[in-house]
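**Q** The structure follows.
The values are calculated or read from the model by the stated rules, or taken from the named source; none is laboratory data. None of these values were measured; they are calculated from a predicted model. With ideal geometry, Cβ positions are generated from the backbone for all residues, glycine too; neighbour counts draw on all protein chains shown.
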């Protein structure tokens, strides 16, 4: 695993090139496509959460990428997954398959993040 990480870092660094110039950084405010109104419905398989359907997604989030993390009472991740939000989404639901599939009894919270569009 470490060799794979080292190779990826080396390949990225090799693509940068060498030259003169100014290195800058900055920040920008980010707007949210939606601030609330989501619904969460668990699909169980043998007492474990196999997937979570995230509903109530507004059109402003269409074409974004959804990441969901299920946490336990210690706020530690016990399952996570990602899904693409369809471009025509307006009030739609997206199913997120979890890996690993956490025990339903251990799940306390769903932590949601949407990137894009």
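**Q** Does residue 49 meet the test of being modelled with pLDDT under 95, assigned to a strand (DSSP E or B) and in contact with a helix residue (DSSP H, G or I) (Cβ under 6 Å, 6 or more places away or on another chain)?
**A** It is false that residue 49 is modelled with pLDDT under 95, assigned to a strand (DSSP E or B) and in contact with a helix residue (DSSP H, G or I) (Cβ under 6 Å, 6 or more places away or on another chain).
**Q** Moving to a separate point now. Suppose we filter the range 37-46 for residues that are outside any strand (DSSP E or B) and either on the phi > 0 side of the Ramachandran plot or at pLDDT 95 or above (or both); how many remain?
**A** Number of matching residues: 2.
**Q** Can I ask one more? Output yes when any residue across the range 40-50 is in contact (Cβ under 8 Å) with a residue 12 or more places away in the chain, under 14 Å from residue 115 (Cβ atoms) and buried (at least 17 other Cβ atoms within 10 Å of the Cβ), and no when none is.
**A** The answer is no, given that none of the residues of the range 40-50 is in contact (Cβ under 8 Å) with a residue 12 or more places away in the chain, under 14 Å from residue 115 (Cβ atoms) and buried (at least 17 other Cβ atoms within 10 Å of the Cβ).
**Q** Being in a loop (DSSP other than H, G, I, E, B), surrounded by 13 or more Cβ atoms within 10 Å (Cβ to Cβ) and touching a helix residue (DSSP H, G or I) at 6+ places or on another chain (Cβ under 8 Å) is the filter here, so list the residues in the range 71-116 that pass it.
**A** Passing the criteria: 72, 85, 89.
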